[in-house]
Amino acid sequence: MRIFHTPDSGRHDPERYLRRGTPIPHPEQAARYAILRDAALQGGHDLAEPADHGLDPIRAVHDPDYVAFLAEAWARRGEIPDIGDEILTGSFARPQMHRRPAGLLGRLGLYTADTSTPIRAGTWAAVYGSAQCAVAAADAALAAGHAYALCRPPGHHAYAESAGGFCFLNNSAIAAERMRVATGGPVAILDIDVHHGNGTQGIFYARADVLTVSVHADPSDYFPFFAGYADETGTGAGAGFNRNLPLPPGSGDAPWLEALEAGLAAVAAHRPRALVVALGLDAAADDPIGALAVTRAGFVGAAERIGRAGLPTALVQEGGYLCAALPDNLAAFLAAFDAAR
Ligand SMILES: [Zn+2]
């Protein structure tokens, strides 16, 4: 399989994360990049760095002012007295608050959903490079059938104009829009990360040309809390083109694969010309922040089912955190996907 990655992914390395009110080492660490890359390398796959397609594919799904803010935020850090290694705020706009302050901290509160996405010296390089990997994988999947983008940081919690949940730019949405334009559409996104792909849902919620399907742990007591429920089915022209398949916490391979099959049936009914798989690996039983109990055999089963769908497919890395099973689950998924084609 063609694998797109960039060493720039290692340049965003946040240290701390406030999980349920308690500071812990940040789960979305730069070490994930090297571990996932080495797993792909040992699988005998064809690794390449992406070409630079610039900002246009990013702006195709993101607000241009938000993109400009991410690109220039670190250079503006002098606006905050006594700034340390990262820019972070604890003050966020609520839906009732509509003013758009020009200052750096105000802008950050406008453009972030939580405290998980600090901006550091290398953050823009990492998120920009990850987005380019998604673009390259989209193009390669259309040319050669399938490809994998090692995107880090991940992307599926990022909305058109906000970061959150470790995500800055929505790599899966960028890949999907790229494939929609190239094929004339429609296209579909199947998100199998343990967390609901709320940013992806938000970006395409009013559109019929990009079907969004997410299989995830029930959000009623789990991130992202405020979206991801089964009755969210799209709005306006997008009514009927969003499908959420939440599962009770602790669910294992059988219910997870059953939900995935329901998701694939929805994808097939949409008759897409291409598919993006938002490939989170944090549904794994031993993932440190996961909530499901999927085994390596479960990931193999998922790869076989998705591979057999036969669509041009861009696999885009989402979550999946440091544990012994992480590299094994990626290697097993990629090998089973290749074998199913
Ligand atoms: Zn996740």
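Summary of computed values
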| read-out | value |
| --- | --- |
| Pairs, first among the β-branched types (V, I, T) in the stretch 164-177, second outside any helix (DSSP H, G or I), C-beta under 6 Å, six or more apart | I174/V61 |
| Within the stretch 142-163, tally of residues that are farther than 18 Å from A274 by Cβ and within 12 Å of the ligand (Cβ to nearest atom) | 3 |
| So L257, is it more than 19 Å from H156 (Cα to Cα) and either touching a residue at least 12 places away in the same chain (Cβ under 8 Å) or part of a loop (DSSP other than H, G, I, E, B) (or both) | yes |
| Filter result (hydroxyl-bearing (S, T, Y) and within 15 Å of the ligand (Cβ to nearest atom)) within the stretch 302-323 | Y321 |
| Per-region count, the stretch 197-245, residues within 24 Å of R180 (Cα to Cα), hydroxyl-bearing (S, T, Y) and within 15 Å of the ligand (Cβ to nearest atom) | 2 |
| First in the stretch 296-317 and free of Cβ contacts under 8 Å to residues at least 12 places away in the same chain, second anywhere and in a helix (DSSP H, G or I), Cβ under 8 Å, 6 or more apart | none |
| Any chance H98 is in a loop (DSSP other than H, G, I, E, B) and within 16 Å of the ligand (Cβ to nearest atom) | no |
| Matching residues in the stretch 284-323 - criterion: being within 23 Å of A188 (Cα to Cα), in a loop (DSSP other than H, G, I, E, B) and under 17 Å from the mean Cα position of the chain (by Cα) | E318, G319, G320 |
| Sole exception among (1) over 25 Å from D221 (Cα atoms); (2) buried (at least 23 other Cβ atoms within 10 Å of the Cβ) for L279, by number | (1) |
| Among residues of the stretch 14-34, those that are within 17 Å of the chain's Cα centre (by Cα) and acidic (D, E), counted | 1 |
| Which listed residue is assigned to a helix (DSSP H, G or I) and under 19 Å from L264 (Cβ atoms), from L281, L326, L275, L334 | L334 |
| Among residues of the stretch 220-238, those that are surrounded by 14 or more Cβ atoms within 10 Å (Cβ to Cβ) and assigned to a helix (DSSP H, G or I), counted | 1 |
| Residue ID - surrounded by the fewest Cβ atoms within 10 Å (Cβ to Cβ), chosen from residues in the stretch 180-196 that are within 11 Å of N242 (Cα to Cα) and within 16 Å of the ligand (Cβ to nearest atom) | L190 |
| Residues within the stretch 263-272 that are in a helix (DSSP H, G or I) and either touching a residue at least 24 places away in the same chain (Cβ under 8 Å) or within 16 Å of the ligand (Cβ to nearest atom) (or both), tallied | 6 |
| Residues that are within 16 Å of the ligand (Cβ to nearest atom) and over 20 Å from E28 (Cβ atoms), drawn from the stretch 277-298 | A293, G298 |
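Any read-out appearing in this document is the output of simple, stated calculations on the displayed coordinates, not a laboratory observation. Computed from a prediction, not measured in an experiment: that's the story for all the values here. As a convention, Cβ positions derive from the backbone with ideal geometry for all residues, glycine included, and neighbour counts pool all protein chains shown.
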